[in-house]
Amino acid sequence: MKPDVKIITQISPDQSVICILGNNTIPVNLSLSKSEMEYARKKLSEKEEYVFINSYFKCTYLVRIKDDLPEFRQKEELRKTAFSLRKLIKSNCHNELVITSHKAFKGAIESFTEGLILSFYSFEKYKTNEEKNDNKHYPEKLFLNGVINDADLKWLVETTDAVYLTRDMINDPPNHLNASALAKEITRMGKIAGFSVDVLNKGKIEALKMGGLLAVNRGSVDPPVFCIMEWNPANKANSKPIVLVGKGVIYDTGGLNIKTGDFMAYMKTDMAGAATVAGVIYSAAKTSVPLHIIGLVPVTDNRPGGNAYTQGDVLTMHNKTTVEVCNTDAEGRLILADAISYAGNYNPELIIDIATLTGSAAMTFGNKAIAIMGNAERKYFSLLEECGMDVFERVAELPFWDEYGELLKSDIADIKNVGGREAGAITAGKFLESFTEFPMIHLDIAGTGTLKKDDFYRSKEGPGSGLRLLATFLKKLSTQYQDKNR
Ligand code: BES
Ligand code: MG
Ligand code: ZN
């Protein structure tokens, strides 16, 4: 269960407290005894990450800020310390816990609390009774005290809510969350947050001639869906929308080019991009970000059954381009291409797609960076880079030279869906680029979007990679526009 978070202005002496300390100094108002203070000072001088004091009637956790690091790193260290503290916190069975700070930078309380909330997550939907109680000992209420205002709190609560919802969708296995169930969940999120959701069924997808999405779907029993989300507030600061596109492969078997060995493990997370787009728009709507934002998610599974599409097939895509299928496991780009082409209907300022697209991106950056590439103006890249550092979902850029696109030349069609083993993440991006005339940025989260084990507060399987990055990017972009329009 996600804790409730509120701001309080006064701490009473019997409340258990986490205090984040800047400059290695301990405030006097924590109601610690003289010997407890001495113990704490000693531990802090030994550069302990945190100090725990169990007084008779309450607990105190002192968390040290690593003052020698740049601020974005200090924030990340706080999120990670929160993760390290989660077990100790659980063992103390607090109903409520105060989080405060002393001589800390602005944002320290939020970063720590964000790390803590994200660390409390676990996917328990299918655990029966006793085991289901695994997390019941986490505090139900967190009280924040100090340099934080209502807007900061709202942002923290809504973005972490969005991450929880997104993780739940990614972690739900395909026998429970198929294409139509995912569309239903996105529709439900739209109702809660106040953005519109239009779900196109197979008939509409056929009428739109989305040849990529339909081809990938041919081997599966469940029909595809195409979800259109829209957040269009009256006070929007942009005249042309930002379109977000997310890969929604419910399960990627590879199709007839079936995945072997371990490669099929975790392929339920192949709709992480779609879930993230839904989460980003949810958070933007909940926090009233003044931007016109569209979300497009093509959804299907990729299976070898029935009339599955084959290597050698030539597809006619939504924009009439013909594609030679060289590998049915390069399915993500086929469904994304139709969505990116469809995005053109909105005359977008910018298209950003997010996808667990290539093993190549995962091999290049591991789980440490989201691969970013594209042809949009540099200002968007700079802002994404800045936001990536801030929320510690860092992006690392790959070159996007035309020569890479030439690797996709086909003998029998306009383009083929695989460019060969070399530069696989880049040729996948080039494939997508060829389906639009509008500025685009491609985010490949194959490395960061699927985790075999917890990476601190990034929970295993579907951590929700890219959500905080894009949510923060859109918020900052809207303030840039508002400043300009002023
Ligand atoms: N969904 C996979 C990419 C992936 C791999 C995501 C590992 C997360 C972890 C994608 O559909 C895929 O199969 N890509 C192939 C493309 C190849 C056939 C050109 C790949 O990267 O091997
Ligand atoms: Mg694949
Ligand atoms: Zn895939």
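The values are calculated or read from the model by the stated rules, or taken from the named source; none is laboratory data. From a predicted model like this one, the values you see are computed outputs, not experimental measurements. Cβ atoms come from the backbone with ideal geometry, glycine included; neighbour counts cover every protein chain shown. The accessibility values were calculated without ligands, DNA or RNA, using every heavy atom of the protein model including side chains. Shrake-Rupley method; radii C 1.70, N 1.55, O 1.52, S 1.80 Å.
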Positive-end residue of G248, I258, L200, charge dipole of region 173-258 with Cβ unit charges: L200
Cβ charges +1 (Lys, Arg) and -1 (Asp, Glu), total dipole of region 172-485, debye: 800
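Just for region 4-148, what percent of DSSP beta bridges are antiparallel, to the closest 5?
20
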Among I117, C19, Y164 - extreme Cα towards positive end, dipole of the chain, charges at beta-carbon: C19
Cα lying deepest toward the dipole's positive end in the chain, options G211, L62, Y380, charges on Cβ: L62
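Mind ordering 66-78, 322-334 by average Cβ neighbours within 10 Å, highest first?
Values: 66-78: 16.5, 322-334: 23.2.
The packing order, highest mean first, is 322-334, 66-78.
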Distance from region 6-28 to region 29-44 (C-alpha centre basis), Å: 13
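Among 225-235, 391-401, 242-252, what's the highest-first ranking by average C-beta atoms within 10 angstrom per residue?
Answer by packing, highest mean first, reads 242-252, 225-235, 391-401.
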Antiparallel %, DSSP beta bridges [both residues in the chain], to 5: 40
Size of electric dipole in region 6-159: Cβ of Lys, Arg +1 and of Asp, Glu -1, about Cα centre, debye, nearest 20: 180
Cross-link pairs beyond the 30 Å C-alpha cut-off, checked among K247/K452; K127/K247; K127/K209; K202/K452; K202/K268; K75/K240: K127/K209; K202/K452; K75/K240
Over region 4-148, relative contact order from alpha-carbon pairs under 8 Å, at least 6 apart, %: 35
Accessible surface of region 113-264, 1.4 Å probe, proportion on carbon and sulfur as whole %: 51
Ellipsoid equivalent to the chain - semi-axes via the Cα gyration tensor, in Å: 43, 23, 20
Angle in degrees between helix 272-286 and the longest Cα principal axis of the chain, rounded to the nearest 10: 60
Alpha-carbon centroids, region 272-349 and region 78-128: separation in whole Å: 35
Relative contact order of the chain, defined on C-alpha pairs under 8 angstrom at six or more residues apart (%): 15
Folded to 0 to 90 degrees: helix 332-343 orientation relative to the chain principal axis, Cα: 90
Set of lysines with alpha-carbon distance to K191 below 19 Å, sequence-local pairs under 8 removed: K154, K286
Nonlocal amide H pairs with L350, under 5 Å, H built at 1.01 Å: V243
Net charge dipole size for region 160-284 [Lys, Arg +1 and Asp, Glu -1 on Cβ; Debye, nearest 20]: 320
Cross-link reach list, aspartates and glutamates versus K460, counting only Cα pairs under 16 Å and skipping chain neighbours closer than eight places: E124, D168, D172, D270, E393
Residue-wise HN-Hα coupling along region 403-418, computed from phi with Karplus coefficients 6.51, -1.76, 1.60 (Hz; x: Gly, Pro): 4, 5, x, 5, 5, 9, 5, 10, 6, 10, 9, 5, 7, 10, 8, 9
At q = 0.11, 0.12, 0.17, 0.18 Å⁻¹, base-10 log of I(q)/I(0) for region 4-148 (Debye sum, equal scatterers on each alpha carbon): -0.40, -0.48, -0.94, -1.04
Solvent-accessible area per residue, Å², over the chain with all protein chains present [probe radius 1.4 Å]: 42
Acute angle (nearest 10 degrees) that the helix 467-485 long axis makes with the longest principal axis of the chain, alpha-carbon atoms: 90
Cβ crowding within 10 Å averaged over residues, with 95-105, 44-54 ranked highest first: 95-105, 44-54
